[in-house]
1. From the list A:430, A:386, exactly one residue is open to solvent by 20 Å² or more (accessible area, probe 1.4 Å), closer than 29 Å to residue A:355 by Cα and assigned to a strand (DSSP E or B). Which is it?
2. Counting residues that are modelled with pLDDT under 85, which strands (runs of 3 or more DSSP E) fully inside region A:224-297 reach at least 2?
3. Quick one: which residue in A:362, A:346 is under 21 Å from residue A:271 (Cβ atoms) and open to solvent by less than 40 Å² (accessible area, probe 1.4 Å)?
4. Of all residues in region A:14-34 being near RNA strand B (Cβ under 9 Å from one of its atoms) and closer than 21 Å to residue A:212 by Cα, which is surrounded by the fewest Cβ atoms within 10 Å (Cβ to Cβ)?
5. Checking residue A:373 against (1) in a loop (DSSP other than H, G, I, E, B); (2) open to solvent by 70 Å² or more (accessible area, probe 1.4 Å); (3) among the charged types (D, E, K, R), only one condition comes out false. Which one?
6. Within region A:136-147, count every residue that is at pLDDT 90 or above and part of a loop (DSSP other than H, G, I, E, B).
7. Got a sec? Which of A:87, A:82, A:37 is within 23 Å of residue A:217 (Cα to Cα), surrounded by fewer than 19 Cβ atoms within 10 Å (Cβ to Cβ) and either near RNA strand B (Cβ under 8 Å from one of its atoms) or not assigned by TED's automatic domain parsing to the domain that holds residue A:161 (or both)?
8. Identify the residue in region A:524-561 that is within 37 Å of the chain's Cα centre (by Cα) and near RNA strand B (Cβ under 6 Å from one of its atoms) and, among all such residues, is most open to solvent (accessible area, probe 1.4 Å).
Amino acid sequence: MQRWSRLFIPTLREAPADAEVASHRFLVRAGYIRQLAAGIYSYLFLGTRSFNKIMAIVREEMDRIGQEFYLPALHPRELWEASGRWALMGENLFRLKDRKGADMCLGMTEEEVMTSIALKEMRSYKQLPQIWYQIAPKFRDEPRPRSGLLRVRQFMMKDSYSFDIDAAALDVSYKKHYDAYCRIFDRCGLKYMVVEADSGAMGGKESHEFMVRTPAGEDQIVSCDGCDYAANMEKATSKLEEVPDLSAFEDGKPLLVHTPGQKTIEDVAKFLGVSPKNKIKTLALMADEFDAAGKKKSSRAIVVLMRGDHQLNEAKLNGTVATATRPMEEAEIEALFNSPAGYLGPMGIEWARDLKDHKGKPVLLVDKALEGRTNLIGGANKKDYHLKNLTPGKDFQPTAYADLRAVTAGEACPNCGKPLRIDTAVEIGHIFKLGYRYSESMGLRVLDKNGKEVMPIMGCYGIGIERILTAAVEQGNDENGFWLPSSIAPFEVVVAPVNVKDEAVRNSAEDIAKRLETAGMDVILDDRDERPGVKFKDADLVGIPFRVTVGKKVTEGTVEVVFRSTREVRDVRISAIVEQFQELLGRTE
RNA sequence: CGGGGAGUGGCUCAGCCUGGUAGAGCACCUGGUUCGGGACCAGGGGGUCGGAGGUUCAAAUCCUCUCUCCCCGACCA
């Protein structure tokens with residue numbers, strides 16, 4: 001039996017000053033974790049117990065759909081060169097050299113290793129489908145670790161990879177993961193939602209994120225209370241109200257208007273007596289390209305036109321142009337527009353015709369909200385002047401139209417029209433149709449039924465183990481501490497004798513703890529010679545969902561069962577304690 | 001990487017401005033009294049004041065450099 005008095009559970013009265021979010025404060029205070037360095041944490045006894053329970057659930061559910069592997073974290077450079085990610089990953093990849101000077105890295109994920117195994121061993125379509133997974137540490141040199149366990153540099157990840165003969169088969173593997181993830185998060189007692197996610201620049205087709213709403217989260221998700229619509233910001237759209245276009249001024253051709261000193265959208269709109277909705281917002285951006293050594297190689301201009309009152313979503317833009325962007329510097333603006341900022345517009349510049357094949361010309365992206373609009377007002381690329389009568393597609397040719405707009409709360413749901421809400425959330429899982437990204441770059445081929453070489457199609461699927469713990473703590477805490485769902489709590493029940501020097505109380509507590517344990521429950525006996533207040537405070541702090549308080553009422557054959565989450569207190573006959581917990585913990589065997 | 005903040009015993013912090021040989025509360029150890037919501041009394045142990053250099057008779061305190069950590073942003077398969 002686990003006795004508190006002999007365990008190492010260093011609880012703290014006060015949280016470390018640098019812990020801000022609830023989960024960080026409480027996990028440290030409760031003695032689950034200690035920090036080793038920025039974004040690197042040690043798990044102590046309670047933390048490890050909880051962690052192991054989470055991993056056991058993940059393992060059980062994953063074993064139903066796949067096979068567990070155990071892969072190295074230390075990878076040779078060549079492997080990452082083969083997939084192209086050695087250069088792509090930049091500084092987030094931990095790199096090191098071995099004694100011979102050979103480049104190595106610490107795995108951020110295991111696509112390369114998994115694919116290399118498939119590559120060497122897989123020959124026939126008959127070996128497909130395969131789902132391989134592991135639960136192992138991952139390393140990412142994050143620019144800014146934060147919020148305790150929420151964003152760390154070493155973390156435990158369940159990552160799995162599917163290999164299928166074709167897209168239809170991938171759909172099956174994908175669905176298996178989707179369902180397994182739901183079972184995992186249900187069993188972990190999390191209130192989560194599944195959102196459509198953008199598959200980004202990796203060429204994937206479909207992607208879902210499993211999110212838990214919490215103010216501590218780093219991601220924003222858009223969802224609808226009226227229907228089941230949910231998406232992350234990169235993917236979210238909304239129904240826009242129709243905006244009446246201005247009628248053409250004079251002959252309808254672009255018309256120069258004098259707007260001295262009017263630089264902002266609001267100023268110009270007010271000056272000309274129109275709504276910002278009839279204005280074009282011109283954003284001047286640059287995409288820098290880097291060589292393998294991380295030196296800037298070249299830059300190209302990317303200009304984005306938005307409706308005057310809309311905001312750009314950078315993730316959408318990055319996905320569209322498949323690269324990161326930054327605002328142009330003043331000199332770059334002058335060079336392209338021949339005009340100071342504040343009067344920028346799309347006219348008089350030769351834009352690329354094709355987004356992919358841009359031939360080094362500047363790219364003009366126009367947000368979909370401007371598609372079909374007429375007689376807009378935009379900058380004239382001339383100091384103190386704007387243009388009226390601008391119609392996209394007629395007066396200037398965009399390189400492409402794209403959805404680049406950031407959805408804001410309260411806009412209409414694209415499915416049902418009800419107002420959308422935006423919440424911050426933590427991403428606990430992500431499933432992702434990879435497509436042929438790695439099969440192609442690494443040369444994975446099998447023979448199909450006809451003896452023809454084909455590329456297997458892949459999927460990858462991740463779960464952040466510490467994020468499950470973090471999300472659970474964020475989901476259930478108050479000023480005194482937190483409570484975990486019994487499935488992932490380090491112990492299900494803490495038995496707390498109010499005074500261990502009282503023999504009747506002590507013996508009864510021992511007896512109760514023993515009987516609960518024999519009945520298969522995870523019990524800790526707080527046998528410390530401490531005052532009751534100390535035990536209660538600690539019990540409230542450390543995340544155990546149920547407490548049995550053994551006190552004076554033992555003489556009447558009664559103890560109290562305290563529900564941590566609701567603070568409900570129930571008197572229970574000692575003789576019925578096992579049955580009581582079998583019911584509470586849903587174990588009626 | 002840009003902006004902001006902080007490093008003094010295990011935790012929370014004071015002392016720094018105005019240099020003079022390091023303190024409080026909690027935690028810990030011993031003894032005693034207590035015992036249903038972080039007890040009380042008495043005694044005790046523990047600190048290169050993040051590091052290096054400098055100024056000075058003298059540096060936690062002033063100056064320079066540097067490291068680390070936290071927060072906001074950028075970034076985030």
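The values are calculated or read from the model by the stated rules, or taken from the named source; none is laboratory data. This structure is a prediction, so every number in the text was calculated from the model and none was measured. Please note: Cβ atoms are built from the backbone with ideal geometry, for glycine as well, and neighbour counts cover all protein chains shown. We work out accessible area using only protein heavy atoms, side chains counted, and drop any ligands, DNA or RNA first. Shrake-Rupley method; radii C 1.70, N 1.55, O 1.52, S 1.80 Å.
1. Answer to the check: A:430.
2. In region A:224-297, the matching strands (runs of 3 or more DSSP E) lie at A:280-290.
3. Working: A:362 fails: under 21 Å from residue A:271 (Cβ atoms).
Just one listed residue meets the conditions, A:346.
4. Among them, the one singled out is A:20.
5. Against the list (1) in a loop (DSSP other than H, G, I, E, B); (2) open to solvent by 70 Å² or more (accessible area, probe 1.4 Å); (3) among the charged types (D, E, K, R), residue A:373 comes up short only on (2).
6. 4
7. Only one candidate passes the filter, namely A:37.
8. Among residues in region A:524-561 that are within 37 Å of the chain's Cα centre (by Cα) and near RNA strand B (Cβ under 6 Å from one of its atoms), the one most open to solvent (accessible area, probe 1.4 Å) is A:537.
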